[in-house]
Amino acid sequence: MTQLPQFRRALLHPRYWHTWFGIVLLYALVLLPYPLLYRLGCGLGRMSMRFLRSRVNIARRNLELCFPQMPAAEREALVKHNFESLGMGLIETGMAWFWPDWRIRKWFTVSGLEHISKAAENNKGVLLIGMHFLTLELGARIFGIHNPGIGVYRPNDNALIDWLQTWGRMRSNKSMLDRKDVKGMIRALKNGDIIWYAPDHDYGPRSSVFVPFFAVEDAASTKGSYMLIRMGNPAVIPFVPRRLPEGRGYEMVILPEQQVPLDDESSTAHAMNQVVEQGVLMAPEQYMWLHRRFKTRPEGQPSLY
């Protein structure tokens, strides 16, 4: 389990100077008023479409696969709004890491905290389902302000970024766990802790079962949910941090506890995908459509990309 990281002099080495420049620039940027940050972030996202053509194509393809009945013009508008959200995601990362609590609270409303309190009253840990929204850093920060928990993450290859993201995420949370530390997650759940967990990425053939996700009948979906829920016996509670239009701030919606079947890995993964679908539909333009969610295919099936 990762505790509050200590700064090391090695992080001042010249190899990190370009990273330091970006950090200082982001810190200075998020000092600006939020309405201006909103316009800058959306504009940056739209401009990035010119340089991230492959990601535009991936987002377009993911939406086509998940929503085949959606009119093409509507999907294209959704792609544009998704990239606006990508630009805001960068800004919001700086907000999550550098803003003081009072400033974050000013721009957030939260509903559903009673579902977390109910789990605590029942002496249950919480498996907090946090889908890969582009608002995820800011959402984790505001949730931690109200209910500090334990984040699950992949350590960054860049030592300075790894230090900064750990420091930033632990401003309002207890600690961090490597996503491979399943035993640590189960232990924390049994101890009544809150574990932030995202079951909605493709983690490869060895870690997956193939079950439906939106209109994709055989989406690679993690087996980990089955083990965590079966052995940790937590309350499974999703939350959605969504950005309001026109720079009006944010709302976090904490949904009621979900009843997830434990017949086998496939039934659990399918139910978890349905939980994710419910969350995604609350703010589809803010979901991370830019990664190859359906990269892993059943043996013998061609690539969807």
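The values are calculated or read from the model by the stated rules, or taken from the named source; none is laboratory data. The structure displayed is predicted, hence computed values, not measured ones. For neighbour counting, all protein chains shown are included, and Cβ atoms are generated from backbone atoms with ideal geometry for every residue, glycine included.
Counting only residues that are without any contact (Cβ under 8 Å) to a residue 24 or more places away in the chain and part of a helix (DSSP H, G or I), which one in segment 178-202 is nearest to Ser221 (Cα to Cα)? Give the steps one after another, and end with the answer.
Keep residues of segment 178-202 that are without any contact (Cβ under 8 Å) to a residue 24 or more places away in the chain, which gives 180, 183, 187.
Checking the rest, the ones that are also part of a helix (DSSP H, G or I) come to 183, 187.
Details: Lys183: 20, Arg187: 23 Å.
Among them, the one singled out is Lys183.
Of the conditions (1) of a type outside the set (Asp, Glu); (2) within 18 Å of Ala119 (Cα to Cα); (3) touching a helix residue (DSSP H, G or I) at 6+ places or on another chain (Cβ under 7 Å), Ala188 fails just one. Which one is it?
With (1) of a type outside the set (Asp, Glu); (2) within 18 Å of Ala119 (Cα to Cα); (3) touching a helix residue (DSSP H, G or I) at 6+ places or on another chain (Cβ under 7 Å) applied to Ala188, the lone miss is (3).
Report every pair of residues separated by at least 6 positions or lying on different chains whose Cβ atoms are under 8 Å apart, first residue within segment 21-39 and in contact (Cβ under 8 Å) with a residue 24 or more places away in the chain and within 26 Å of His81 (Cβ to Cβ), second β-branched (Val, Ile, Thr) and outside any helix (DSSP H, G or I).
Leu37/Val30
Could you list all residues from segment 131-160 that are of a type outside the set (Val, Ile, Thr), in a strand (DSSP E or B) and either at pLDDT below 90 or surrounded by fewer than 23 Cβ atoms within 10 Å (Cβ to Cβ) (or both)?
Gly151, Tyr153, listed by residue number.
Take segment 203-220 and flag every residue that is outside any loop (DSSP other than H, G, I, E, B) and either touching a helix residue (DSSP H, G or I) at 6+ places or on another chain (Cβ under 6 Å) or without any contact (Cβ under 8 Å) to a residue 24 or more places away in the chain (or both).
Answer for segment 203-220, where residues must be outside any loop (DSSP other than H, G, I, E, B) and either touching a helix residue (DSSP H, G or I) at 6+ places or on another chain (Cβ under 6 Å) or without any contact (Cβ under 8 Å) to a residue 24 or more places away in the chain (or both): Arg206, Ser207, Val209, Val211, Phe213, Val216, Glu217.
Which of the residues belonging to segment 224-237 are more than 18 Å from Gly130 (Cβ to Cβ) and crowded, with 19+ Cβ neighbours inside 10 Å?
Residue satisfying the conditions is Tyr226 alone.
Do we find that Tyr203 is of a type in the set (Ser, Thr, Tyr), modelled with pLDDT under 95, in contact with a strand residue (DSSP E or B) (Cβ under 9 Å, 6 or more places away or on another chain) and over 22 Å from Ile142 (Cβ atoms) in this structure?
Spelling it out, Tyr203 is indeed of a type in the set (Ser, Thr, Tyr), modelled with pLDDT under 95, in contact with a strand residue (DSSP E or B) (Cβ under 9 Å, 6 or more places away or on another chain) and over 22 Å from Ile142 (Cβ atoms).
Would you confirm, using the coordinates I've provided, whether Gly184 is at pLDDT 85 or above, in contact with a strand residue (DSSP E or B) (Cβ under 9 Å, 6 or more places away or on another chain) and not acidic (Asp, Glu)?
Numbers: at pLDDT 85 or above: yes; in contact with a strand residue (DSSP E or B) (Cβ under 9 Å, 6 or more places away or on another chain): yes; not acidic (Asp, Glu): yes.
Against the criterion (at pLDDT 85 or above, in contact with a strand residue (DSSP E or B) (Cβ under 9 Å, 6 or more places away or on another chain) and not acidic (Asp, Glu)), Gly184 qualifies.
Condition (residue is assigned to a loop (DSSP other than H, G, I, E, B), out of contact with any Pro (no Cβ under 8 Å at 6 or more places or on another chain) and either within 20 Å of Val182 (Cα to Cα) or of a type in the set (D, E, K, R) (or both)) applied to segment 263-286: is it met by at least one residue?
yes
Can you run down the residue pairs with Cβ atoms below 6 Å, 6 or more apart or on separate chains, where the first is in segment 157-171 and within 13 Å of Leu12 (Cα to Cα) and the partner is modelled with pLDDT under 85?
Going by the 6 Å Cβ cut-off, the qualifying pairs are Trp163/Pro5.
Taking the criterion of being among the aliphatic types (A, V, I, L, M), in contact with a Leu (Cβ under 8 Å, 6 or more places away or on another chain), over 22 Å from Asp181 (Cβ atoms) and surrounded by 19 or more Cβ atoms within 10 Å (Cβ to Cβ), would at least one residue in segment 238-247 satisfy it?
yes
Out of curiosity, is Asn123 in contact with a helix residue (DSSP H, G or I) (Cβ under 9 Å, 6 or more places away or on another chain) and either part of a loop (DSSP other than H, G, I, E, B) or surrounded by fewer than 22 Cβ atoms within 10 Å (Cβ to Cβ) (or both)?
Judged against the criteria, Asn123 is not a match.
Could you grab me the full set of residues in segment 248-290 that are among the hydrophobic types (A, V, I, L, M, F, W, C), surrounded by 15 or more Cβ atoms within 10 Å (Cβ to Cβ) and within 15 Å of Phe213 (Cβ to Cβ)?
Hits for segment 248-290 are Ala269, Ala271, Met272, Val275, Val276, Val280, Met288, Trp289.
Can you spot a residue in segment 278-288 that is in contact with a Ser or Thr (Cβ under 9 Å, 6 or more places away or on another chain), of a type in the set (Val, Ile, Thr) and at negative phi?
Checked against the condition, which is being in contact with a Ser or Thr (Cβ under 9 Å, 6 or more places away or on another chain), of a type in the set (Val, Ile, Thr) and at negative phi, segment 278-288 yields no hits at all.
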